[in-house]
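Everything below concerns the one structure shown next.
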Amino acid sequence: MVEATPELPFLIGPTQPVSALQMLRSATAMQHKALEARLPLTHADLDRALYTKIIAAYYGFHVPLQRHLECFLSPLTTDPERYKVPALVKDLRALGLSDGQIETLPLCSALPALQTHGHLLGIMYVMEGATLGGQVLRRIIADRLGIDAESGGEFLDVYGRDTGRLWKAFLKQLADFEHPAYNGEVVDAACATFACFERWLDRAGVLL
């Protein structure tokens, strides 16, 4: 005789809803991995000239993006702690570019749509998340090129010791905004940001 299996209600209850953060991680995972593979910051043949070209391309994206974000008044976009352009300018100067050369660098004109707070959070998820990866890249660039925060690598550690605190503050805002009716636009904006960034870096000639 086969013994009946007792019911386990805690195993067959309703599925827990997927959080906005989980949705973002899942939806952007392939884009993140693809861009990481094409960006030669971790490649053995990276040299100072290519690194400078990459930082210039980052500048060309972040300058118009920062202006784009500032038009959408929010504590996330008006917090000077989150401004990344000054670090990029400092790095480019340290890498040998004059102020005149920096001012004439090409700027990206194809930016992700920003019409709602959901769009803002999707864009910020990509850009703020990149600061976490910068912690790893900073060490790689220091080892391979001898570049530190004072000689062209400040952007890679732009938040310094505040990286964790600012990331957690962003995640709190994401969680506070979370709602099934709006999560989709957050995810769409994040995917669009990845796509815009990759197209810009491709156009700048820094991707493999």
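FYI, it's all coordinate maths here, none of it is from the lab. Everything numeric in this text was worked out from a predicted model, so none of it was measured. All Cβ positions, even for glycine, are placed from backbone atoms using ideal geometry, and neighbour counts span all protein chains on display.
Taking the Cα centre of the chain as origin, sum charge times position over the Cβ atoms of Lys and Arg (+1) and Asp and Glu (-1), and report the length of that vector in debye to the nearest 20.
Here the chain has a charge dipole of around 380 debye.
Provide the per-residue ³J(HN,Hα) series for segment 73-88, in order, calculated from phi with Karplus coefficients 6.51, -1.76, 1.60 and θ = phi - 60°, each as a whole number of Hz, with x at glycine and proline positions.
4, 7, x, 5, 9, 10, 7, x, 4, 9, 6, 10, 4, x, 5, 5
Computed FRET efficiency, Cβ-Cβ of ILE140 and ALA181, R0 30 Å: what is it to the nearest 0.05?
It comes to 0.15.
Under the rule that an exposed site lies in a DSSP loop and has at most 13 other Cβ atoms within 10 Å, name the longest stretch of the chain with no GluC sites (Glu not before Pro) of that kind, not counting the sites themselves.
The reported range is 8-208.
Angle, helix 20-38 long axis vs. longest principal axis of the chain, Cα atoms, 0 to 90°, nearest 10?
Relative to the chain, helix 20-38 is tipped by roughly 40 degrees.
Round to the nearest 0.05 the FRET efficiency obtained for LEU171 and ASP45 when R0 = 30 Å and r is the Cβ-Cβ distance.
0.25
Can you figure out the FRET efficiency of MET30 with ALA110, using R₀ = 22 Å and their beta-carbon distance, to the nearest 0.05?
Taking R0 as 22 Å, the efficiency between MET30 and ALA110 is 0.60.
Which ³J(HN,Hα) values, rounded to whole Hz and listed in residue order, are derived for segment 183-197 from phi using the Karplus coefficients 6.51, -1.76 and 1.60 in 6.51 cos²θ - 1.76 cosθ + 1.60 with θ = phi - 60°, glycine and proline given as x?
So the Karplus estimates, Gly and Pro as x, are 4, x, 6, 5, 5, 4, 5, 5, 5, 5, 5, 4, 5, 4, 5 Hz.
Specify which labelled value, from (1) 24.2, 77; (2) 20.2, 87; (3) 17.2, 62, agrees with Rg and Dmax of the Cα atoms in Å derived from the coordinates of the model shown.
The listed entry that was calculated here is (2).
Roughly how tilted is helix 48-70, in degrees to the nearest 10 and between 0 and 90, from the longest Cα axis of the chain?
Roughly 60 degrees, rounded to the nearest 10.
Starting at the first residue of segment 113-126, write each ³J(HN,Hα) from the Karplus equation 6.51 cos²θ - 1.76 cosθ + 1.60 with θ = phi - 60°, in whole Hz, x for Gly and Pro.
Result, ordered by residue: 4, 9, 10, 9, 5, x, 4, 4, 5, x, 5, 5, 4, 5 Hz.
Taking 7 Å along the Cα-to-C-beta vector as the label spot, tell me the SER74-LEU208 distance in nanometres, rounded to one decimal.
3.4
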